[in-house]
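Here is the structure we will look at.
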Amino acid sequence: MPISWLRRFWTPAHAAAVVALAALPVLLASSPYYIFLLNTIAVFAMLALGLQLVLGYGGVLQLGYAGFFGLGAYTSAILSTQHGWPFPAAFLAAMVVAVAGAVVMSPIVRLRDVNFAMATFVFGLILELVYNQWSAMTNGPIGFRGIPAPRLFGVTVLDPQHYYYLLFAALLAEYVLIFRLLHSPFGTALRAMRENETACRTSGIDVTRVKVTLLLVSSAIAGAAGSLLAHMNGFISPPTFGWSTSVALLMMVVLGGVRSLPGALVGAAVIRLVIERTSVLGQHSNIVFGVALVLFMAFLPTGLAGLAGGITAKLPRPAWLGPRSVTP
Amino acid sequence: MSELLGLLVFGLAIGSIYSLVAIGFSMIYRATGLLHFAHPDLMMIGGMIGYTLATRTAMPMPLLFVCSGLAVAALSWLIDRFGFRPMRRQGALLNLIIATIGWSIILVNVALFVWGTAPLSYPEPYLPKGRTIAGIVIVPQNLAMLAVGLASMVALQLFFARTVTGQALRATAENPVAAQLMGIRVERMMSLTFLLSGFLAGGAGVLVASIVYANFDLGLIGVKSFAAAVLGGFGQVGGAMVGGLVLGLVETIGAFYVSSAYKDIIAYTLLILILLGRPQGLLGSARSRPD
C-alpha cells in the first residue's frame, strides 16, 4: 500500500519550515523594509514554484512566464481600479485571464524543444509589447497606481505584516497543490515524459494533454501571483512583466536546483536579495545574473539543492528523521 | 507609387540585416542544436565597436563592416571555446540554452559598462541621407545595405556549395557523428561556425547601428532575426536569407499601412503562426523537418 501524499508531505523538515516561515514576520517586525522584502520574496517564490513545475518537473522551457504574471497583475489592477471589483473577484478573474492566455498559447505544445522554447519566448515578448503599447487598456509605460489593498471578510489587509499571511497562505496552498500533483499519476507521467517523450507516447500517455495541463496550471499560479503583487504594491508597470523578469525567474529555478520545490523557494529568496542588494551597484547589477547563470550551468547544473543533497547524502541520518522523502 | 518603392527598398535593406543575423543563428542551430540567445547581442556589440571605430578613425563603411565583423567573430569564437565547448561534452542541451541567456545578459552589461546608456549616433558621413532623383526619394545607404547584405549571402552560398570547407561545414550540420566518421574535425567546424556567424552578426551590427543608433538594447532588433530564421525554416541558410527579406518587407509595409506601434507585434505573431503552420519554413518541403 503506497504511503499517502499527505503522510509524505508532513516530514519533520516540512513542518519545521512551515513553522519558521509563519514566525518570520514576527521576528522581522522591527523593520518595515524587511517585511516588504519578505513579501516580495513570497510573491516571487510563488512564481518560482510555478516555473519549477513546468521547467523542472516538466522539462518544458517556458521562457515567457513573466508575461502571464503580468496578465494576472493587469487584470486585477484594471478590474479593481476602474470597475470597482472586490479583491476576491479580481483575484479569481486574474487567474482566469492568465489561464485564458495559456489556452491561446496552448497550440504550441505540438512544437518540439527548440521551437517550443522559441514560441514561449516570443509569446512573452508579445505580452510585454501589449502592456507597453495598448495604452487605452494598460496605461502604457505609466502603468497603474492606486490599486486598493484587498478587503477580505470585512477587513482591509493594509498592514504589510498581515499581507504576508495572505501571501503565506497562497504559497502554502500552491506548494501543497504541486506536491500533490507530483505524487499522483500525473507526476509519474511527467517523469516519463521528461525521460523519454517518444517512449512515453507509445506507453499510452497523452503527452500533449500533460503539457497543456502544465501550462494551464502554471499560468493560473502566475495569474494569482500577479494579482497579489498588484494589490500589495498598489502600483504596477510593464518592466516587471518582461523578459528580464522571466530570466530572473529562470535563475531562481536554476540556482535553487532544477526539480526541487524547496530549491525554488531558496532560489527566489537569494535572487530577490541579490536584486535588492546589488541595486546599490547601479545599472550593472544584472551582470551578476549573467555570470551566475553561465557558471551554474557549467559547474553546478543541479543548483543549490543538488549541492545540499550531495552533502546530506554523505552525513549519517538520525533514525527519528525517518526515511528520506523521495520526490518523483 | 514612389512611396511604395521607398518602402520596398527600406524593407529589403532592414531585411538584409535580419538575414545576416538569421543566417548565423541558423548555422549555429544546425551545427550544434543550440538556440543561441546571445547572438543578437553579438550584433549589438558589433554596432558598438563600429561606433568607436567610426568616431576614432573615420574609416570607410566597407572597412568598418569588416573590422567590426572580425572583432565580433573573435568574441563569438571565445564564447564558444570557453563557454559552450566544455558544456557540450556534458550533453545537456537545456543547460546550454540557459547558459546562452547568461551570455546575453553579460554582453548587454559589458556594453552598458563600456559605452553607457545613451543611444549613440554614428558620425555625420555615415548617416543615411535621402536624395530625390526624378521625384523619388532614394536613400543610398539603404541600397548599399541591401547590396552588402546580398553580396554576403551570395558569397556564403558559393562558400557552402563550392569549397571543401563549406561542404564539411554542411556535413557537420547535417549529421555530426557521420561527419566525424568521415574524418571531418567536428569541433573545428563548430568553431568555424561560430567565427563565421560572429562575423556576419558584427557586420550586420554596423549596418543597423548606422541607420538607427548604437545602444545596448540594439539586440532587441536582432531578436527579430530569430523570427527570420524561423520564417526560413530554422536551420536552413538559404531559408534564413529569404526569411529575413520577407520579414523586413512585411514589417515595414505593415508599419506604414497598419500601425507602427504594433509592427513588432505583427512580426512576432507572424513568427508563432509560421511555427505552428509551417515549421519547415516558407521554402522548406513538408518532409525536410519532421518536427
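Annotations for the structure displayed:
- Helix B:186-211 vs. chain B, principal-axis angle (Cα, 0 to 90°, nearest 10): 10
- Here the protein assembly as shown is assigned +1 on the Cβ of each Lys and Arg and -1 on the Cβ of each Asp and Glu. Its dipole about the Cα centre then comes out at about 1340 debye.
- Using a Gaussian network model of chain A in which every pair of alpha carbons under 10 angstrom is joined by a spring, one finds that among A:303, A:84, A:234 the greatest mean-square fluctuation is at A:84.
- Peptide-level mean, for A:127-134, of C-beta atoms on other protein chains within 10 Å: 3
- Ordered by the number of other Cβ atoms lying within 10 Å of each residue's own Cβ, fewest first, A:135, A:218, A:4, A:106 fall into the sequence A:4, A:135, A:106, A:218.
- The spacing between segment A:25-82 and segment B:1-33, judged by their C-alpha centroids, is 38 Å.
- For residue A:211, the aspartates and glutamates whose Cα falls under 13 Å of its own Cα, not counting residues fewer than eight places away in the same chain, are A:113, A:197.
- Neighbour-count order for A:33, A:131, B:29, fewest beta carbons within 10 angstrom listed first: A:33, B:29, A:131
- Of all the options A:166, A:111, A:293, the one that moves most in a Gaussian network model of chain A with Cα springs shorter than 10 angstrom is A:111.
- Summarising the label geometry, the points placed 7 Å from Cα in the beta-carbon direction at residue A:277 and residue B:127 lie 4.6 nm from one another.
- Label-reachable residues, segment B:209-227, where backbone N falls under 20 Å from a point 7 Å from residue A:244's Cα toward its Cβ: B:214-224
- Since only A:10, A:50, A:22 are under comparison, the one whose Cα sits farthest along the positive direction of the charge dipole of chain A, derived from C-beta charges on Lys, Arg, Asp and Glu, is A:10.
- Equivalent ellipsoid semi-axes - Cα gyration tensor, the protein assembly as shown, angstrom: 43, 29, 23
- In plain terms, the chain from residue A:300 to residue A:92 could stretch by 71.0 nm, reckoned as 0.36 nm per residue minus the Cα-Cα distance.
- Each Lys and Arg contributes +1 and each Asp and Glu -1, all at the Cβ; summed about the Cα centre of segment A:5-321, the dipole is approximately 640 debye.
- Cα pair distances exceeding 31 angstrom across segment A:5-321, given as percent: 30
- Cα→Cβ-extended label distance, 7 Å offset, between residue B:180 and residue A:10, nm: 5.3
- Value of Rg/Rh across segment B:2-277 [Cα atoms, Kirkwood radius]: 0.97
- Number of partner chain Cβ atoms within 10 Å, mean per residue of A:105-112: 3
- Residue with peak Gaussian network fluctuation, chain A [Cα springs, cutoff 10 Å], from A:30, A:237, A:260: A:30
- Dividing the mean sequence gap of close Cα pairs (under 8 Å, 6+ apart) by how many residues chain B holds gives a relative contact order of 38 percent.
- Ranked by how many other Cβ atoms sit within 10 Å of their own Cβ, fewest first, the residues A:44, A:168 fall in the order A:168, A:44.
- Under 14 Å from the Cα of residue B:263 - aspartates and glutamates, other chains or at least 8 residues apart: A:128, B:251
- On the basis of the beta-carbon distance and an R0 of 51 Å, residue B:57 and residue A:37 show a calculated FRET efficiency of 0.55.
The numbers here are math on the coordinates, done by the rules we state, and not lab data. None of these values were measured; they are calculated from a predicted model. All Cβ positions, glycine included, derive from the backbone under ideal geometry; neighbour counts span all protein chains shown.
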